Structure formats: C-alpha cells, structure tokens
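Peer 1: Take this structure, written in structure tokens, and hold onto it; I'll ask about it next.
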Amino acid sequence: MVERVSTGIARLDKALEGGVPRGSWVAITGEPGTGKTILSMHFAWAGLRVGDPVVYVTTEQEFRDVLTQAAQFGMHLDEFPIYSLGWRKEPEEPPLIVVVDMFGLLKIARHMSERSREGEKARRYGVLSMDTLIEAINEAYDVLNVSQGGKGPGRHVRLIVDSMSAFWSDKPVMARKFSYQFKIAAHRDNVTAYLTSQYAMTTKSTFGFGLEHVADGVVHLWMDDVESAREVRRWLIIKKMRMTNHERRAMRLEVGKGGVSLVDA
Ligand SMILES: Nc1ncnc2c1ncn2[C@@H]1O[C@H](COP(=O)(O)OP(=O)(O)OP(=O)(O)O)[C@@H](O)[C@H]1O
Ligand SMILES: [Mg+2]
C-alpha cells in the first residue's frame with residue numbers, strides 16, 4: 001500500500017488517487033504567476049494541520065511575506081511554532097516550521113566560507129549555491145531531528161524549495177546535475193518534497209530542464225497566451241507521478257479567496 005500525502009487541495013488529491021505518494025519529490029514547474037508559490041503554501045498548510053513539520057526554503061521573498069500571502073488565503077501558518085535558520089538564537093521550543101530564506105542562506109554561506117578558511121583550502125560559498133542549500137536543508141533536518149537516510153521511526157516531514165531554479169539561474173545547463181546532487185544529499189524516506197521551477201516563457205524547457213528528470217512527479221502550470229485570451233487563464237496538469245495512477249487531463253486553476261481551486265474543463 002502506498003501511503004498518501006495530501007496536497008491540501010481536495011480536487012488535486014482526487015486526481016492523484018488520494019494524494020502524492022509519501023516520500024515523493026514533486027517538481028512544480030511553470031511560468032511566473034501561474035500559482036507555484038500558492039500551491040506550495042497549500043502543501044505546507046495541509047501538513048501543519050496533521051502535525052507534519054515543514055522545511056520551507058524561499059528564495060523568492062522574505063518569509064514574512066509568505067506568511068502574509070498565505071494568511072490572505074486563510075492559511076495561518078504563523079499559528080505554528082516557527083524557527084528561521086537566519087536567527088541568532090537557538091529554537092526555544094521544537095518548531096513545526098523551519099524557514100530557510102535569504103538571510104538563513106547568507107548566514108550558512110558565511111559560516112561555510114569561514115570554516116573553509118581554517119582548513120587547507122579557503123573557499124567562498126555563494127548564497128545561492130547548491131552546497132549552501134544542502135547544508136541548510138541538513139541543518140533544518142537536524143533542528144527537526146530527521147534521522148539520516150530515513151532509517152528509524154522518523155516523523156513525516158514536508159520539504160518545500162521555492163524555487164530550485166534560483167540555484168542555477170546563472171548556469172541553467174547545470175540544472176540536471178544540481179538536481180541529482182541535491183536529491184542524493186537531501187532525500188530521506190520520510191520526506192515528501194515540493195520543488196518549484198520557473199520556466200522562461202519564450203524558451204520554455206531551456207531554462208534548466210533537469211529537475212523534471214530527477215523528480216518522482218511533475219505538476220506543470222501554465223497560462224494561455226494573455227494577448228489572445230485577453231485574460232489570465234491558468235491551467236494545471238499532472239505530467240508524471242511515480243507509484244500511482246493519476247488523471248491526465250488539464251484542469252483550470254483559479255486563485256480565489258481560499259487560494260487555489262481546480263475546475264474541470
Ligand atoms: N488574494 C488573491 N486573490 C486572487 N488572486 C491572487 C491573490 N493573490 C495572488 N493572486 C494571483 O496569484 C498570482 C501569483 O501566484 P504565485 O505567486 O503562486 O505564482 P508563481 O507561479 O509562484 O509565480 P513566480 O514564478 O513569479 O514566483 C498573482 O499573479 C495573482 O494573479
Ligand atoms: Mg512564486
């Protein structure tokens with residue numbers, strides 16, 4: 001029996017025979033403004049409501065803005081204990097949300113660079129480098145006590161990285177290699193992940209196609225050409241999902257008061 005993890009969107013769970021198979025790495029791909037971030041918020045919110053800890057990496061905005069935006073959709077993430085890796089102090093209580101934002105990444109990159117200077121070869125770690133991201137995720141797992149290799153009774157954890165493409169924006173040809181490196185280092189049996197990836201509108205796949213190969217599932221979002229449609233008309237399709245059957249028709253994606261809703265078309 002494949003255990004299911006709710007996406008937080010009932011219609012999407014139904015399209016996936018109950019949800020994402022536990023332990024999957026799901027790429028959420030799409031152009032700007034198609035709903036990737038809001039979809040990720042639903043995933044986090046659904047987890048928190050059943051007691052799953054969340055590791056939330058955001059390169060796009062300050063986490064405070066994530067909280068504000070989620071609250072507009074009735075998802076009050078800040079009702080749960082939060083700890084940010086960017087803070088100076090240690091967590092006072094075991095958090096349910098571990099935040100990795102640009103401040104956290106910057107702090108970790110600095111530490112890693114300092115540590116390397118004590119060793120044989122000094123190195124400068126970039127804020128948006130894969131090494132920095134991996135170190136950050138591992139620190140977040142430590143805060144949450146997620147066991148190495150997924151062995152042992154580890155609690156189910158949800159990981160969100162919004163966005164992965166930020167880590168290869170200056171070298172899109174590295175997308176596939178980085179995606180592998182990241183999965184090998186950060187995958188655990190008890191971690192189910194949402195990884196967002198931006199598509200360049202004109203060149204589509206060239207903007208770091210690679211995550212899609214490594215991911216267990218791909219949920220793709222797009223919008224109709226706004227000039228001919230004269231409106232923002234968004235779509236969602238499940239392109240692949242290992243370990244499960246899934247619906248293969250695109251659904252209209254609407255963003256409203258309660259966040260994302262999916263409508264059969
Ligand atoms: N309160 C709201 N009510 C209705 N629609 C909203 C609301 N807030 C945001 N939206 C819509 O959602 C869109 C943003 O969705 P989201 O941030 O998830 O996109 P994204 O795919 O993450 O984009 P990017 O690649 O730029 O990060 C906005 O452009 C807007 O059209
Ligand atoms: Mg976004």
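Peer 1: Can you find, within segment 181-201, the residue that is most open to solvent (accessible area, probe 1.4 Å) among those that are among the aromatic types (F, W, Y) and within 13 Å of ligand 1 (Cβ to nearest atom)?
Peer 2: Initially, segment 181-201 is screened for residues among the aromatic types (F, W, Y), giving 182, 194, 199.
Those left that are additionally within 13 Å of ligand 1 (Cβ to nearest atom): 194, 199.
Details: Y194: 5, Y199: 24 Å².
Looking at the filtered set, the residue picked out is Y199.
Peer 1: Pairs under 6 Å by beta carbon, first residue touching a residue at least 40 places away in the same chain (Cβ under 8 Å) in segment 158-185, partner part of a strand (DSSP E or B) and among the small types (G, A, S), six or more apart or different chains?
Peer 2: Every condition considered, the pairs that remain are L159/A193; M164/S197; S165/S197.
Peer 1: Can you tell me which residue in segment 23-64 is farthest from ligand 1 (Cβ to nearest atom), limited to those that are open to solvent by 10 Å² or more (accessible area, probe 1.4 Å) and of a type in the set (V, I, T)?
Peer 2: By that ranking, first place goes to V50.
Peer 1: Taking helices (runs of 4 or more DSSP H) that fall entirely within segment 160-265, which contain at least 2 residues that are under 16 Å from the mean Cα position of the chain (by Cα) and at pLDDT 95 or above?
Peer 2: Details: elements: 175-186, 211-214, 226-229.
Those helices (runs of 4 or more DSSP H) span 175-186.
Peer 1: Can E247 be described as among the charged types (D, E, K, R) and touching a helix residue (DSSP H, G or I) at 6+ places or on another chain (Cβ under 6 Å)? Full working, then the answer.
Peer 2: Numbers: among the charged types (D, E, K, R): yes; touching a helix residue (DSSP H, G or I) at 6+ places or on another chain (Cβ under 6 Å): yes.
Criteria met by E247.
Peer 1: Name the residues in segment 10-22 that are closer than 26 Å to P81 by Cα and open to solvent by less than 10 Å² (accessible area, probe 1.4 Å), would you?
Peer 2: Going through segment 10-22, the residues closer than 26 Å to P81 by Cα turn out to be 10, 19-20, 22.
G19, V20, listed by residue number.
Peer 1: Starting from segment 105-119, take each residue that is open to solvent by 20 Å² or more (accessible area, probe 1.4 Å) and list its partners that are β-branched (V, I, T) and outside any helix (DSSP H, G or I), counting only C-beta distances under 7 angstrom and pairs at least six apart or across chains.
Peer 2: L106/V127
The values are calculated or read from the model by the stated rules, or taken from the named source; none is laboratory data. Everything quoted here is computed from the prediction, not taken from an experiment. Using ideal geometry, Cβ is built from the backbone for each residue, glycine included, and neighbour counts are taken over all protein chains shown. Note: areas computed on protein heavy atoms with side chains; ligands, DNA, RNA excluded. Shrake-Rupley method; radii C 1.70, N 1.55, O 1.52, S 1.80 Å.
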